[in-house]
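To keep things clear, I will list the structure first and then write my remarks on it.
Readers should treat all values here as calculations from the given coordinates under stated rules, not as data from a laboratory. Since the structure is predicted, the reported quantities are computational estimates derived from the model, not experimental observations. Every residue, glycine among them, receives a Cβ derived from its backbone with ideal geometry; neighbour counts consider all protein chains shown.
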Amino acid sequence: MKTRITELFGIEHPIVLSGMSWISTPELVAAVANAGGLGILATGVLDADETLKAVRRTRELTDRPFAANVTLYFPGNRKNAEVLLDEKVPVINYSLGKGDWICKGAHAYGGKVIATVATEKHAVAAQRDGADALIVTGYEAAGHGGQITSLVLVPRLADQVSIPIIAAGGFADGRGLAAALALGADGIAMGTRFMNTLESPAHEGAKQASIEHQVADTVYTDRVDGLDARYVDAPGAQRLIRQHMNPLSALLRSREIAALLGLPWAKLAAGIVLSGYSKSVQMARMAIGFEAFKNGCTRGDLERGALPLGQCTGLIDDTPSVAKVIDRIVDEAETTRTRLEQVFESPVAVS
Ligand SMILES: Cc1cc2nc3c(=O)[nH]c(=O)nc-3n(C[C@H](O)[C@H](O)[C@H](O)COP(=O)(O)O)c2cc1C
């Protein structure tokens, strides 16, 4: 299967592993690359040294193209982006920030850049800033998806930009890939599906959760880490949703929050006092939500942790290898195409 992204990145299949902290590790990224997709190494919770080691480890495990992400909103991620540029990582994926300098740096060595967006405004800005492709994340997605469903967001943005689009949020099988292509995308990115694979380092409890939970078993809320995001609907997420937070409670918990964010306490306390009501509440939620998110992913702890899961959890019922997931999706997309050809050619509807 050839699309603009298979050509742009030099990959076999238009299938991308989303960047997931603690999960999109060199091992999983290389498994996806070796199976013909594009793996995005997650650096959101790594420091610059750890990022360097992860990039080099990925290169030991695969000689195929791979990507690495930076979340520009997180403290310290700018340095990670500099490491990716120094290391000439083939594809850099940025989100939640302005990436014009990343585009310029990557293009200087022939690298490519993907911006992750969830709105029209950010899509148009990223194209203007020089991004070569977009990951467009819809409402169905695990984690920080947008407020518009992929079904509507993808075709709308495909009309707004000329660069290729990778659709994310709600994709777990070949019908989804075929649908994304029909909507104007050039491929799909998947988090929930790849999280539950044999090579994924996610906790077995997290993998099992994606098998047991159905399409309606997730919640979309800004009360876990301060930004709209989707998690599995379980006691840990519900506890955070109920948790009362105001600048005073943030200040009272500022030592704990500073430790979680790796910031000096005085700097954080001053930030809470000076940043105003909504920003300080968001900062406090970010720190507390971050710890819960880590517990969800690395311990599969749904009682105290918060595990991001997309609505497509309801389409997942096994734990195959990465290669099997990719082969299956490609086969299913082909079957879907044949079925659609019959639908269009036949005067009688085929089910
Ligand atoms: C367990 C898990 C952890 C995730 N962690 C992150 C993360 O650290 N940073 C991030 O930007 N997105 C994260 N995501 C979201 C994915 O990058 C991606 O946008 C999303 O999974 C796509 O939707 P899907 O789950 O329907 O495939 C995570 C997703 C899952 C399932």
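Below are the figures for this structure:
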read-out: Residues whose placed amide H lies under 5 Å from that of VAL16, excluding near-sequence neighbours; value: LEU38, ILE188, ALA189, MET190
read-out: Efficiency of FRET between ASP47 and SER346 - r from beta-carbon atoms, R0 45 angstrom, step 0.05; value: 0.15
read-out: In sequence order, calculated HN-Hα J values of segment 52-68 (Karplus, 6.51, -1.76, 1.60; Hz; x Gly/Pro); value: 4, 4, 5, 5, 5, 5, 4, 5, 5, 8, 8, 10, 8, x, 9, 10, 9
read-out: Net length gained if the chain between LYS79 and HIS244 were fully extended (0.36 nm per residue, minus Cα distance); value: 56.0 nm
read-out: Restricting segment 278-351 to trypsin sites (Lys or Arg not before Pro) in coil, as DSSP defines it, with at most 15 other Cβ within 10 Å; value: ARG304
read-out: Where labels lie 7 Å past Cα in the beta-carbon direction, separation of ARG253 and ARG304 in nm; value: 1.4 nm
read-out: For HIS244, HIS122, order by how many other beta-carbon atoms lie within 10 Å, fewest first; value: HIS244, HIS122
read-out: Residue order, fewest to most surrounding Cβ atoms within 10 angstrom, among CYS297, CYS103; value: CYS103, CYS297
read-out: FRET efficiency estimate (nearest 0.05) - Cβ-Cβ, LYS279 to ALA182, R0 35 angstrom; value: 0.25
read-out: The chain: angle of helix 277-299 to the longest principal axis, Cα-based, in degrees nearest 10; value: 60 degrees
read-out: Under Karplus coefficients 6.51, -1.76 and 1.60, residue-wise ³J(HN,Hα) of segment 223-228 in Hz, glycine/proline x; value: 8, 8, 10, x, 10, 4
read-out: Residues with amide H under 5 Å from that of VAL91, placed H, sequence gap 5 or more; value: PHE66, ALA68, LYS112
read-out: Given 15 as the ceiling on other Cβ atoms within 10 Å, longest exposed-site-free region of the chain for chymotrypsin sites (Phe, Trp or Tyr not before Pro) in DSSP loops; value: 110-351
read-out: Distance between modelled label sites at THR149 and ARG337, nm, 7 Å Cα→Cβ extension; value: 2.6 nm
read-out: Sites GLU27 and ASP327 - FRET efficiency at Förster radius 30 Å, r taken between beta-carbons, to 0.05; value: 0.95
read-out: In degrees, nearest ten, helix 77-86 long axis to first principal axis of the chain (Cα); value: 50 degrees
